[in-house]
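Here the structure comes first, spelled out in structure tokens, and everything after it is commentary.
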Amino acid sequence: MQSSVSIKDLSLNFGAVQVLKGLDLEVGQGEFIVLLGPSGCGKSTLLNCIAGLLEVSGGQIFIGGKNVTWSEPKDRGIGMVFQSYALYPQMSVERNLSFGLRVAGMPRDEIERRVARAAEILQIQPLLQRKPANLSGGQRQRVAIGRALVRDVDVFLFDEPLSNLDAKLRSDLRVEIKRLHQRLKNTMIYVTHDQIEALTLADRIAIMRGGEIQQLADPHTIYNKPVNLYVAGFIGSPSMNFLQGTLNGATQPMFVAEDGTQVPVSTYAFEAAPQGSSKAVLGVRPEHIVLGDVARTMPFSTEVEIEIVEPMGSDTLAWTRIAGQPVTFRADSDVLLHVGQKVLVGFDPARGSIFDAQSTNRL
Amino acid sequence: MASIAATIEPFGPRPRPFFTPTRIIIYGIIIVAALYYMLPLYVMITTSLKGLPEIRVGNIFAPPLEVTFEPWVKAWTSACTGLTCNGLAPGFWNSVKITLPSTIVSVFVAAVSGYALVNWRFKGSEFFFTCLLLGSFIPYQVMLYPMVMITAQLKIFGTLWAVILVHTVFGMPILTLLFRNYFASLPQELFKAARVDGAGFWRIFFQIMAPMSLPIFAVAIILQVTGIWNDFLFGVVFAGTQNYPMTVQLNNIVNSAQGVREYNVNMAATILTAAVPLIVYFVSGKWFVRGIAAGAVKG
Ligand SMILES: Nc1ncnc2c1ncn2[C@@H]1O[C@H](COP(=O)(O)OP(=O)(O)O)[C@@H](O)[C@H]1O
Ligand SMILES: [Mg+2]
């Protein structure tokens, strides 16, 4: 795949604080990349560097094959959408959309054509003469997207565009952004701290932490094969269950929990065959734990007592203990569970993840 | 039911008696304060409308028996301001010639500096900001003599240009702080969006920032107009005798050593001199409050 945005060894310091640390990222043509991470991990900073709004401390940025490290934002072929919409309050929607084009000195009829097209795509034609103050949050964000759209750029940058919207609107606009991407086929780099947005929108997700990318992969891989404990715990809600114990490498590798419970892990696809015996963490997602008779067919099963039941509508979340350590699992909402009930649960470690307790990396 | 009054079901707004002790104290204080400030104004206006004989015999609080506008005319056209006796009118026009350009230049320069300090962090901008902070605390008497030397070097000492320059320079620190704080309260993403749209330094200032900042411009203009109009010191020192502003001429009228003290003319002259800042406050009071509030809270 031809790369559209390419970031090489990028670092950025605010005074003595190193916010981005030698970061590398290749984004393919037409790819939808989501930068996901907790607040303060440097997502916006990275996006601002790509946009040219922050001067980098080191490294290079290429957009469309051109080295833009020193270029002005307007010359980078990017459009940007901000969390706070950042619409010019004293201008009508139409003038908000056309501002950049007027600055560039584009002919009137071309400006009109582009504004009309953007308004049509985003369905904001009736709003063109209004001021931003007279728009709802969702409408404002559409206009903000429109402002990037009229510039006819190759790369769209989104900085938490949906974070200021309420839940319903957020999921509506999320679908619209996905539709927009499928229609325009632009490269999109999208920053969020919301994992649902990341999993639903992304071709690939970059999980960030402390100014570094921990894992860059498609949503399925991120979810099922997290590279370390941090990624495993960050993605998924409710989050992955972690059992502390020891991994004994042998022809039949065995995970021994702290209380001595043995979990055979020979079905697990190790990166490298385990040697000897070392402290490890076994991670199992709540939805991969099965209940009742099927549990017997699993490599590991045990009888547990239910401690808390949380009905979620579509399914039910139950809290219990396996090998003395707290564990949650999902059950079909038709299965009636009650506190104190003894049930048989089991799982296949092949669907789980095993991490080295020391390095926290996937084994 | 025995007593209806005691058993009324509470509904809707709770009835609040008007004369509670708190209210009485609050209104009492407000009325006393208002009297305290209004009484001198009342004395000034009534005295300015009386003839001299009436002033000599009468009580200063008594309203005029015979209303005359003679003192007002005299104050404006023929009261003696030092060597000449042309009244306050020339001083008024001098003050206008000083206030208008000083206000425009100082507010514009301060607005651009404040904007640059917030949005275009340049090398040494923090240092520059510290200097401004210091500058707004240094009493300007300290810099009076150096300024005299500088204006003399520039060969503008004793002209209107010298006063305009001095007002612009001394207005800068506090005004720049005012604008800096206001611009810092505007969302930074707006500026970034304009940068992505390709707008440069001046276009962002004139088309994005300035239109959003009308309240703070109003505050700055009011501060400067009233401050410069009321200035006495710089006028005396820098303007030269031909260009004395209204305040200096008022002082000359009121403190003239020769002849009888014409209290009515003095009062009229004082009110005339104070009229401009008064009118500015009355007309723009609402803007002023709104601007102050906007600066304090957010854009
Ligand atoms: N202008 C700045 N000056 C100093 N530190 C900053 C500045 N902007 C951001 N930071 C710091 O950089 C880190 C990353 O910020 P940011 O990129 O905004 O995080 P995110 O968008 O992931 O929440 C934070 O720790 C923040 O405090
Ligand atoms: Mg951010």
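What the table below lists for this structure:
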item	result
Of all residues in the stretch A:56-76 being surrounded by fewer than 18 Cβ atoms within 10 Å (Cβ to Cβ) and within 14 Å of another protein chain (Cβ to nearest Cβ), the one that is farthest from ligand 1 (Cβ to nearest atom)	A:Asp75
Residue in the stretch A:149-160 that is under 23 Å from A:Arg117 (Cα atoms) and within 16 Å of ligand 2 (Cβ to nearest atom) present	yes
Residue match in the stretch B:48-71 (condition: outside the structural domain of B:Ala268 (by TED's automatic domain parsing) and touching a Phe, Trp or Tyr at 6+ places or on another chain (Cβ under 6 Å))	yes
Residue match in the stretch B:111-127 (condition: modelled with pLDDT of 90 or more, within 20 Å of the chain's Cα centre (by Cα) and either closer than 26 Å to B:Val237 by Cα or surrounded by 15 or more Cβ atoms within 10 Å (Cβ to Cβ) (or both))	yes
Given (1) surrounded by fewer than 22 Cβ atoms within 10 Å (Cβ to Cβ); (2) within 16 Å of ligand 1 (Cβ to nearest atom); (3) within 14 Å of chain B (Cβ to nearest Cβ), index of the condition A:Asp152 fails	(2)
Pair list, Cβ under 6 Å, 6 or more apart: the stretch A:102-116 residue open to solvent by less than 50 Å² (accessible area, probe 1.4 Å), other residue of a type in the set (Gly, Ala, Ser) and not in a helix (DSSP H, G or I)	A:Val103/B:Gly198; A:Val103/B:Ala199
Residue among A:Lys178, A:Lys185 that alone is within 28 Å of A:Val27 (Cα to Cα) and in contact with a helix residue (DSSP H, G or I) (Cβ under 8 Å, 6 or more places away or on another chain)	A:Lys178
Checking A:Gln125 against (1) more than 14 Å from chain B (Cβ to nearest Cβ); (2) crowded, with 18+ Cβ neighbours inside 10 Å; (3) of a type outside the set (Val, Ile, Thr), the condition it does not meet	(2)
Hits in the stretch A:2-44 (condition: within 18 Å of the chain's Cα centre (by Cα) and either more than 27 Å from A:Gly236 (Cα to Cα) or free of Cβ contacts under 8 Å to residues at least 40 places away in the same chain (or both))	A:Glu26, A:Gly40
Qualifying residue in the stretch A:74-88 (condition: in contact (Cβ under 8 Å) with a residue 24 or more places away in the chain and part of a helix (DSSP H, G or I))	yes
Selection status of B:Lys50, at pLDDT 85 or above, of a type in the set (Lys, Arg) and over 26 Å from the mean Cα position of the chain (by Cα)	yes
Residue tally, condition within 16 Å of ligand 1 (Cβ to nearest atom) and open to solvent by less than 40 Å² (accessible area, probe 1.4 Å), over the stretch A:155-181	7
Pair list, Cβ under 8 Å, 6 or more apart: the stretch B:40-66 residue in contact (Cβ under 8 Å) with a residue 24 or more places away in the chain, other residue in a helix (DSSP H, G or I) and open to solvent by 70 Å² or more (accessible area, probe 1.4 Å)	B:Thr47/B:Tyr263; B:Gly51/B:Glu70; B:Leu52/B:Tyr263; B:Ile55/B:Tyr263
Given (1) polar (S, T, N, Q); (2) within 12 Å of another protein chain (Cβ to nearest Cβ); (3) loosely packed, with under 13 Cβ neighbours inside 10 Å, number of the condition B:Thr130 does not satisfy	(2)
Meets criteria (crowded, with 17+ Cβ neighbours inside 10 Å, touching a Pro at 6+ places or on another chain (Cβ under 8 Å) and closer than 27 Å to B:Gly227 by Cα) for B:Ser95	yes
Selection count where residues are open to solvent by 10 Å² or more (accessible area, probe 1.4 Å) and more than 16 Å from ligand 2 (Cβ to nearest atom), scope the stretch A:185-200	5
Hey, A:Leu97 within 16 Å of ligand 2 (Cβ to nearest atom) and open to solvent by less than 60 Å² (accessible area, probe 1.4 Å) or not	no
Out of A:Arg321, A:Arg362, sole residue that is within 20 Å of A:Val265 (Cα to Cα), open to solvent by 20 Å² or more (accessible area, probe 1.4 Å) and without any contact (Cβ under 8 Å) to a residue 40 or more places away in the chain	A:Arg321
Residue count, the stretch A:26-55 (criterion: away from ligand 2 (no atom under 16 Å from the Cβ) and surrounded by fewer than 20 Cβ atoms within 10 Å (Cβ to Cβ))	5
Residue selected from the stretch A:2-42 under the condition more than 16 Å from ligand 1 (Cβ to nearest atom) and within 17 Å of A:Gly52 (Cβ to Cβ), by the criterion nearest to the other protein chains (Cβ to nearest Cβ)	A:Val5
Odd one out for A:Arg113, checked against (1) at pLDDT below 95; (2) away from every other protein chain (no Cβ under 14 Å); (3) assigned to a helix (DSSP H, G or I)	(1)
Qualifying residues in the stretch A:237-280 (those that are under 30 Å from the mean Cα position of the chain (by Cα) and farther than 18 Å from A:Pro226 by Cα) - the one least open to solvent (accessible area, probe 1.4 Å)	A:Gly245
The stretch B:187-216 residues that are within 8 Å of another protein chain (Cβ to nearest Cβ), paired with ones that are assigned to a helix (DSSP H, G or I) and open to solvent by 10 Å² or more (accessible area, probe 1.4 Å) (beta carbon under 6 Å, 6 or more apart)	B:Asp197/A:Val103; B:Gly198/A:Lys74; B:Gly198/A:Val103; B:Ala199/A:Val103
Qualifying residue in the stretch A:165-184 (condition: out of contact with any strand residue (DSSP E or B) (no Cβ under 9 Å at 6 or more places or on another chain) and within 14 Å of chain B (Cβ to nearest Cβ))	no
Test: residue in the stretch B:31-44 that is buried (at least 17 other Cβ atoms within 10 Å of the Cβ) and modelled with pLDDT under 90	no
Meets criteria (open to solvent by 20 Å² or more (accessible area, probe 1.4 Å), part of a helix (DSSP H, G or I) and either in contact with a Pro (Cβ under 9 Å, 6 or more places away or on another chain) or touching a residue at least 40 places away in the same chain (Cβ under 8 Å) (or both)) for B:Leu278	no
Single residue of the stretch A:332-359 satisfying the filter (assigned to a loop (DSSP other than H, G, I, E, B) and of a type in the set (A, V, I, L, M, F, W, C)) that is surrounded by the most Cβ atoms within 10 Å (Cβ to Cβ)	A:Leu337
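The values are calculated or read from the model by the stated rules, or taken from the named source; none is laboratory data. Source: prediction; values computed, not measured. So basically every Cβ, Gly included, is an ideal-geometry build from the backbone, and we count neighbours across all protein chains shown. To get the accessible areas, we keep the full protein, side chains included, count just its heavy atoms, and leave off ligands, DNA and RNA. Shrake-Rupley method; radii C 1.70, N 1.55, O 1.52, S 1.80 Å.
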